[in-house]
Amino acid sequence: MAIDLAGDDEVLDPKRDRLVIVASSLGTVFEWYDFFLYGILASLLGKLFFATGNPTTELLFSLFAFAIGFFFRPLGALVFGWFGDKVGRKYTFLITIAMMGGATACIGLLPTFDQAGIAAPILLLVLRTLQGLALGGEYGGAAIYVAEHAPPGKRGAYTSWIQAAAAGGFMLALAVVLTSKAVISEDQFIAWGWRVPFLVSILLLAISLWVRMKLSESPVFQKMKSAGTVSKNPFKDALSAPGNKGRLLVALAVSAGFTVIFYTSQFGTLYFLQNTARLPEREALLYLAVGVAVSAPAYIYFGGLSDRFGRKQVLAAGFALTLVALFPIFDLMAKGANPALAEAMASAPVTVELPPCDYNIFLKQEADCGKALEWLTKRGVSYDKTAAPVLAMNVAGTRLEGFDKAAWGAALNAAGWPEKADPERIIAWKLLIAVMAIGLLSGWTYAPIAALLVEMFPARVRYTSMSVPYHIGTGYFGGFLPVISQYIVVSTGDVFAGLWYTIVVVIVGLVVMLLFLKDTRHINIHD
């Protein structure tokens, strides 16, 4: 039954609100399924579409293609933000989900590099661009739509379902990939089975469109339209609204901070388990699924907590805890996933003596020094570098001049450096605590964001104002996290060094938040 709110024109309608939350969250699950699917299959897609013969280069090019989608998200936010503020919330995010699902399905139909040559990666980049544009308009629309239906004092709890839906999309992508791999052989999956998860998007798109078509327009937008106060030029009005430029910058910094935590908990964890801890892909995905499963209820809990104590207070506490806990979490992760690796790091440090070396991780290595560094990185070996006239490796009192893969491998094996994780030695409780802890931090810092951003900006330019800084922060600082962190690792030789990127961005976000962000939970967003 609909209930009039005293002193306001708004109406509480629990049945309607449930449909709003379910429809918006379900669509977001499917949106993030599409986007995360590429990240999970990045290594394989690198081999299929960027066939350089160098696994490290292929992975980096694939991650670059992944980042391209994020690069275009702010442009999508501008385009669809304009439509959302001028035409309406509902129809805008109907367009974005159709665009996202169509582009994802088309990836499943693309020819590979062996079939079409250079045209294959070009087509992949085009579709990744379309995905980025679509996602640039999706999140803002869903968050605003839910928040503008939420009763007073419940916006954090209501919108946290949107954040939890992102975890749901990741879980769905994991489930579809693992199921596909379980029912067909590895060779079949590489040959054609990888296409199946992308083509599943067609079914998901149909379901999402059907559910969202049942929705009516946001009550806030309906009021503005009736009153004739809809923005005629959302771009101009977003920049000219009093105080809005400062709010845009604050929103960007805060968005960048929570996003690097989110992507470290997802892709950072996945690549660390696979490439550093040397866990098989299936085991890495299953452990990651536990972390994601933990983060999902955390979104709901901390979203509700922000309604009680404030968005700023909950976010600041989560950012601060991340700065303290991030390195210990990944240290525990390494010790649980591959104890032999952690022991070797402590007892048998590796030093590489390097002559002047033209080492470019994006190119095939021709010089021995480049081949040596690439080989060590692929084995998950941390090493220090010292300048020397001759290439050599020092480990456990053994010094080997020149790069001989067999000799270096034997020396590392003798010193206790494992080539891959030993399933019998995995300390499951340590690994589970680590992935659950990083998942908890993700839920903690992501949960209040949707409500915060909606509350920061005036209604008539809300779609544009919140979407653009959000997607600059998430698209540029978060989307490029996998490739930047991996670049730092292979450039420094320290398997933990990529975490410094997350630390620096979170510090900036926390400082900006403490200095310039006011709590917003009591703001009337219908004004």
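Of all lysines in the structure, those lying under 16 Å Cα to Cα from residue 223, and not within fewer than 8 positions of it along the same chain, are 86, 90, 232. So if I take the centroid of the Cα atoms in the range 122-179 and the same for the range 92-111, what is the distance between those two points in Å? Using only Cα atoms, the two centres lie 14 Å from each other. When the charge dipole of the chain is built from unit charges on Cβ atoms (+1 for Lys and Arg, -1 for Asp and Glu) and taken about the Cα centre, the candidate among 285, 75, 340 whose Cα reaches farthest toward its positive end is 75. Taking amide H as placed 1.01 Å from N in the peptide plane, the amide H of residue 498 sits under 5 Å from that of 489, each at least 5 places away or on another chain.
Charged side chains reduced to their Cβ positions (Lys and Arg at +1, Asp and Glu at -1) give the range 349-414 a dipole of some 220 debye around its Cα centre.
Let me know the Kirkwood hydrodynamic radius for the range 349-414, please, with Cα pairs as the basis and the value in Å to one decimal.
11.9 Å
Measuring max minus min along each principal axis, the C-alpha atoms of the chain give extents of 80, 49, 42 Å (largest first). Using 0.36 nm per residue and subtracting the Cα-Cα separation, the extra length available between residue 324 and residue 351 on full extension is 6.9 nm.
Between 0 and 90 degrees, the angle of helix 281-309 with respect to the longest Cα principal axis of the chain falls at about 30 degrees.
Computed 3J(HN,Hα) for the range 230-242, one whole-Hz value per residue from the Karplus formula 6.51 cos²θ - 1.76 cosθ + 1.60 where θ = phi - 60°, is 5, 5, 7, 9, x, 4, 5, 5, 5, 7, 9, 4, x, glycine and proline marked x.
Taking Cα atoms only, the orientation of helix 89-107 departs from the longest principal axis of the chain by about 30 degrees. Entry note, the chain: relative contact order of 25 percent, from Cα contacts under 8 Å with a spacing of 6+ residues. Over all other residues within a Cβ to Cβ distance under 13 Å of residue 50, the charged ones net out to +1, with Lys and Arg as +1 and Asp and Glu as -1. Extending 7 Å from the Cα toward the beta-carbon at both residue 497 and residue 206 defines two label points whose distance is 5.0 nm.
Just to confirm the number: angle between the C-alpha axis of helix 201-212 and the first principal axis of the chain, 0 to 90 degrees, nearest 10? With both axes taken from Cα atoms, the answer is about 20 degrees. The loop-placed trypsin sites (Lys or Arg not before Pro) in the range 192-260, going by DSSP, that have at most 10 neighbouring Cβ atoms within 10 Å of their Cβ come out as 214, 232. Please compute the contact order of the range 392-527 in relative form: average sequence separation of alpha-carbon pairs under 8 Å and at least six residues apart, divided by the residue count, as a percent. About 19 percent, as a whole number. If R0 equals 41 Å, the separation of the Cβ atoms of residue 358 and residue 245 corresponds to a calculated FRET efficiency of about 0.35.
Counted over the chain, the DSSP beta bridges are approximately 65% antiparallel. With both residues required to sit in the range 349-414, DSSP beta bridges show an antiparallel share near 60%. Cys residues of the chain that find no other Cys beta carbon under 4.7 Å: 106.
Among the listed pairs 335/420; 335/405; 225/518; 236/518, give every one whose C-alpha distance is greater than 20 Å.
335/405; 225/518; 236/518
List the residues of the range 87-130 whose backbone N lies under 19 Å from a point placed 7 Å from the Cα of residue 184 along the Cα-to-Cβ direction. The answer is 104-116, whose backbone nitrogens lie closer than 19 Å to the label point. Candidates 256, 434, 499 compared by Cα position along the dipole of the chain: farthest toward the positive end lies 256, with charges placed on Cβ. Per-residue ellipticity at 222 nm, computed for the chain from helices alone with -39500 (n - 2.57) per DSSP H run of at least four residues, works out to -22000 deg cm²/dmol.
Computed from the C-beta positions of residue 384 and residue 519 and an R0 of 45 Å, the FRET efficiency is 0.45 to the nearest 0.05.
Every read-out reported here was derived from the displayed coordinates using simple, explicitly stated rules and does not represent laboratory data. Since we're looking at a predicted model, the values are computed, not measured. Heads up, the Cβs are rebuilt from the backbone with ideal geometry, glycines too, and the neighbour counts pull from every protein chain shown.
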